[in-house]
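Below: the structure, in structure tokens.
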Amino acid sequence: GIPAEVVVTRGDARFLIPFFARKWSSDLIFVRAHVRKDYAHWMLGSVARAVVAAAPCTVQIVRDAGEDHDQSLDSASRVLLATDGSKTSTQAERAVAARPWPEGREFKVIRVEEPWTVKSSKVRDEKEAQEAASSAEQVLASAGLKATGMVLSGNTKQAILQEAQKWAADLIVVGSHGRRGFRRFLLGSVSEAVAMNTPCSVVVVRVPRKAEA
């Protein structure tokens, strides 16, 4: 019952998917992540990785959950939401709260503190971390979703991946700061690293620039 338009084109999918997303002013892109670790993967690159890096909107990386599980927007039973207290994280929290989740879904909110970064006050930063996690819990609670929150210490990318594996999450939601160029090369992309290194599905929330204005 969903009307759709089909476009078949030739070219590099890594370029064309973000191109058509911009042309159509898309709000959400679905892309399947193929598990390929061979030479062809190294040569051709990953379409999913390229789409996450270049997409103008939110991207959902869909991975096979098994023959007994259907893939849909709300098929996940355990949803891990990573937040850093930023504007992009707030958008990710709202995106989760806006989805029509069936009963019985579990939600966990995590904030990661990197102990080696320069901080003006350890006490203040720890307080802000707790407040960020609590704020995310409240956003979900306002939509009737019950979530647990926790603050972790360590490398942000590794901590998210490890907690997802430990908790057996089947969906990770993370915001994207949308860094480009040299800054992105220096700082790396947490969202991209998480999306490409976890066995479960991932939603990378990116707000279109026109919506940020």
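Every number here is computed from the coordinates shown, using simple stated rules; none is lab data. Source: prediction; values computed, not measured. For neighbour counting, all protein chains shown are included, and Cβ atoms are generated from backbone atoms with ideal geometry for every residue, glycine included.
At 0.36 nm per residue, and after removing the present C-alpha to C-alpha distance, how many nm does the segment from Glu126 to Ala54 gain when stretched out fully?
Full-extension gain reported as 22.6 nm.
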Calculated FRET value between Thr148 and Val6, using beta carbons and R₀ = 35 Å, to 0.05:
0.25
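Which entries of Lys127/Lys166; Lys23/Lys157; Lys87/Lys166; Lys146/Lys166 show an alpha-carbon separation above 23 angstrom in the structure shown?
Numbers: Lys127/Lys166 25 Å; Lys23/Lys157 32 Å; Lys87/Lys166 27 Å; Lys146/Lys166 20 Å.
With Cα atoms farther than 23 Å apart: Lys127/Lys166; Lys23/Lys157; Lys87/Lys166.
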Highest first, please rank the peptides 82-89, 143-150, 51-58 by the mean number of other Cβ atoms sitting within 10 Å of their residues.
51-58, 82-89, 143-150
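Between Gln165 and Ser134, what FRET efficiency comes out of the Förster formula 1/(1 + (r/R0)^6) with R0 = 25 Å and r the beta carbon distance, rounded to 0.05?
0.55
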Measure off 7 Å from each Cα along the Cα-to-Cβ vector at Glu106 and Ala141, then give the distance between these two points in nanometres to one decimal.
2.0 nm
